[in-house]
Amino acid sequence: MKQLALLVPLIGLLTGCGTTQNYKPVTAAGPAKPAGYPIPIYNEDMRIPRPCRLIGEFAIGDTQLTMFGGSLEGVMKTLMDTAHEKGADVVELMSLKKPDFESAHYRVEANLLRYADQWETVKLTESEFLNYLQTHAQTLDPIEGVWTDGSPERIGIMRDTAKPGRDFIAFLLTVEVPSWQPGYKKMDIARDAQPGTYSLKFYLPDFSRARTTVRLDHGRRLSFILHANDVATEVTYDKTSGPLPVQ
């Protein structure tokens, strides 16, 4: 019984000292992100779509007193909880090691990053944009107006040639993804050679860009296929405000 009594706390010591966490700050941490804030994860071979600044390096390792392994889900939850706590926008995964002969635990090394640029923003409220549509009603292009894809997110499209090769900009009037803000650019749009056809640069939730061409269907609907990460997604927007064809 005495040997058993000595063994129980030893097991507790071994299992309780399985992993280590180390955070090395590089710049001051920002405001914490809310739990639902989406933080994309990239490995070091992937292109991050926006310029970023390193705010810290985080590692989860183990000690030599390791008897039982942890789960990948637990390690990744700890990583993402830390990323939210430090106010990161992006996690760059530098190393992920599976349990092996030397260690019973998953081990991870990652860079926590913050966006270093300012996303292009249209500084109009929805009421100001509706006033723009009313004021320019006689000269609007058919693509200009308020559009919805059926989600809480709605976009406005208006004439804007501030960027080379762009004729129109689509921007968010209402948002669904917490990492986006009202006014953020959602598409760069250019007229195509064929009347009623447009070339789009569409920005995905992680701010990466997908290109496509779309034809305006009777002035009321935009339907197109986006190809991103080897996945094809059909997107449809219906117009709710703006120039509509005469019936």
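Of the complete DSSP H runs in the chain, those spanning 15 angstrom or more by Cα along the long axis with a mean Kyte-Doolittle score not below -0.5 are 2-16, 72-85.
For the chain, the mean residue ellipticity at 222 nm estimated from helices alone is -5000 deg cm²/dmol, where every DSSP H run of n ≥ 4 contributes -39500 (n - 2.57) and the total is divided by all residues, rounded to the nearest 500.
Among HIS136, HIS218, HIS105, rank each residue by its count of other Cβ atoms within 10 Å, from fewest to most, as a rough exposure measure. Please report the intermediate quantities before stating the final value.
Values: HIS136 14, HIS218 10, HIS105 24.
The most exposed by this proxy come first: HIS218, HIS136, HIS105.
Rank VAL175, TYR132, ILE55 by how far each Cα sits towards the positive end of the charge dipole of the range 53-182 (+1 on Lys, Arg Cβ; -1 on Asp, Glu Cβ) and give me just the farthest. Looking along the dipole axis, the top candidate is ILE55. For ARG191 and SER223, a Förster radius of 22 Å and the Cβ-Cβ distance give a FRET efficiency of 0.80, rounded to the nearest 0.05. The translational diffusion coefficient of the chain, from Stokes-Einstein at 25 °C and 0.890 mPa s with a Kirkwood hydrodynamic radius over alpha carbon pairs, comes to 114 µm²/s. Label sites at GLU120 and THR20, each approximated as a point 7 angstrom past Cα along Cα to Cβ, lie 4.8 nm apart. Note on TYR37 and VAL231: their simple-model spin labels are 2.3 nm apart, each label 7 Å out from Cα toward Cβ.
Which links in LYS123/LYS186; LYS33/LYS97; LYS24/LYS86 stretch past 20 Å when you go from one Cα to the other? It would help to have the intermediate numbers written out before the result.
Values: LYS123/LYS186 14 Å; LYS33/LYS97 27 Å; LYS24/LYS86 11 Å.
The pairs that break the limit, which is 20 Å between Cα atoms, are LYS33/LYS97.
A short reminder: the numbers here are calculations on the coordinates, not readings from a lab. Everything quoted here is computed from the prediction, not taken from an experiment. Note that we place each Cβ from the backbone using ideal geometry, even for glycine, and neighbour counts take in every protein chain shown.
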